[in-house]
1. Residue by residue through segment 276-288, note down the ones that are in contact with a strand residue (DSSP E or B) (Cβ under 8 Å, 6 or more places away or on another chain) and within 24 Å of Asp263 (Cβ to Cβ).
2. Select from segment 328-358 the residues that are part of a strand (DSSP E or B) and over 12 Å from the mean Cα position of the chain (by Cα) and list them in ascending order.
3. Within segment 93-134, which residues are on the phi < 0 side of the Ramachandran plot and more than 21 Å from the chain's Cα centre (by Cα)?
4. Which of the following residues is touching a Lys or Arg at 6+ places or on another chain (Cβ under 6 Å), modelled with pLDDT of 75 or more and either part of a loop (DSSP other than H, G, I, E, B) or within 23 Å of Arg169 (Cβ to Cβ) (or both): Tyr192, Tyr215?
5. Residues Leu291, Leu305: which one is in contact with a strand residue (DSSP E or B) (Cβ under 7 Å, 6 or more places away or on another chain) and not in a strand (DSSP E or B)?
6. Inside segment 262-299, can you point out the residues that are hydroxyl-bearing (Ser, Thr, Tyr) and closer than 30 Å to Leu62 by Cβ?
7. Examine segment 45-53 for a residue that is surrounded by fewer than 19 Cβ atoms within 10 Å (Cβ to Cβ) and farther than 18 Å from Asp167 by Cα, and state whether such a residue exists.
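The values are calculated or read from the model by the stated rules, or taken from the named source; none is laboratory data. What you see is a predicted model, and the numbers here were worked out from it, not measured in a lab. In this analysis, Cβ positions are derived from the backbone assuming ideal geometry, glycine residues included, and neighbour counts consider all displayed protein chains.
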Amino acid sequence: MEIASLVRWGEKMEKLRPNIPIGLRNIGVYYPSAVVTSQEIAEQSGIPEAVIKEKFGLDSKLKAAPGENVSDMCVKAAQNCLQGIIEPAEIDLIIYHGSEYRDYYLYNCAAHIQHKLGAKKANAFQISNLCASGPLALELAKSLMVNHPEIKNALLVTGTRESDLIDFRNKRARFMFNFADGAAACLLQRGYNRNELLETSMITDGSFAKDVAVYGIGNISHHNDMQIEQDFVKAEAAKAEGKQVGYYGLDVADPESMKERLDAVSLVNFLKVINGAAEKSGYSKKDIKFLAPIFMKRSILHFILEQLDMNLDQSFILKDFGHVQSADAYIALYEALRLGRIQEGDLIIMLGAGTGYSWAATAVKWGEKGEAV
């Protein structure tokens, strides 16, 4: 078949594709009851509290209780999301897109959540793009729901307690001192005529891939059977004495190099994916009415909003929550709805970014869409 014929065929198939909206039905959140204050961070890190507040953009952050696992928090967020709308048994698909640091190393957290929630008929899987996973999960769920009519209710869940991996004494990891705990869930419904999911834009720059990691875990660290055996023997001895097996913290290989390279591209890429999501959805940046951001300090958020001709009332600052990984945009949207900052017909951009490095944004048209086809 000639190229021109292929193009015409593709255009024909696109016209025949049913215009079924995928709507964001509800958001549920779970906030741990404990917090870590800026004063406590200052005391443990040796950094002045004024710097924690002004430079880090953090007044306090959420902290999970001992024994409060990632799957526990995700289930609570999911229950809050579903309450009064549908029963867990009606969910067709669950996507976990939260932290890679969860209940256990190398296990299926999505399936665990499915079981604990009682969503017996739901298929479940997990994806990881670190803190940029939110927009990616929304785009993936939308695509699956459009192409598979049997998926009528999809639940996206994300949770983290990555604050466990941060040692305030490690100055290399200071940009992660804002890492917090918590969970969020989002219910998407096929044919729901409100809050339509639109398009997603994403940028990845793999030159940052090795800048941040838990370097003590992985095949590079455990490179042979003898080392694994030695680690096992040590772990068993520690358990027998009632001790922790070990501590593995998030680290940054070269903070100065990372900051220099990241500063040169980060704001540009944030604006690119925000504008990209709007334009792919048939809008311009002038149409954006609310930005649900990842955690960032006030000055950076203010700069981004200025470039979009928006003000701080058209967003939400997460200074009292901390960085709850890919739950940030859900939390910002949830809190903004509670505060009445989002109106019928608003174009919303949900924003994420994750080490590696990726920037991602998804557009949502809030309010009534019209009659479903």
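1. Result: Gly276, Ala277.
2. Of everything in segment 328-358, those that are part of a strand (DSSP E or B) and over 12 Å from the mean Cα position of the chain (by Cα) turn out to be Leu347, Ile348, Ile349.
3. His115, Lys116, Ala119, Lys120, Lys121, Ala122
4. Details: Tyr215 fails: touching a Lys or Arg at 6+ places or on another chain (Cβ under 6 Å).
Criteria check complete, one pass: Tyr192.
5. That would be Leu305, the only listed residue that is in contact with a strand residue (DSSP E or B) (Cβ under 7 Å, 6 or more places away or on another chain) and not in a strand (DSSP E or B).
6. Scanning segment 262-299 gives Ser266, Ser299.
7. Scanning segment 45-53 turns up at least one residue that is surrounded by fewer than 19 Cβ atoms within 10 Å (Cβ to Cβ) and farther than 18 Å from Asp167 by Cα.
Per-residue answers, yes or no, for (1) touching a residue at least 60 places away in the same chain (Cβ under 8 Å); (2) in contact with a Lys or Arg (Cβ under 6 Å, 6 or more places away or on another chain); (3) polar (S, T, N, Q):
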position: Lys280; (1), (2), (3): yes, no, no
position: Leu291; (1), (2), (3): yes, no, no
position: Glu335; (1), (2), (3): no, no, no
position: Trp359; (1), (2), (3): yes, no, no
position: Glu368; (1), (2), (3): yes, yes, no
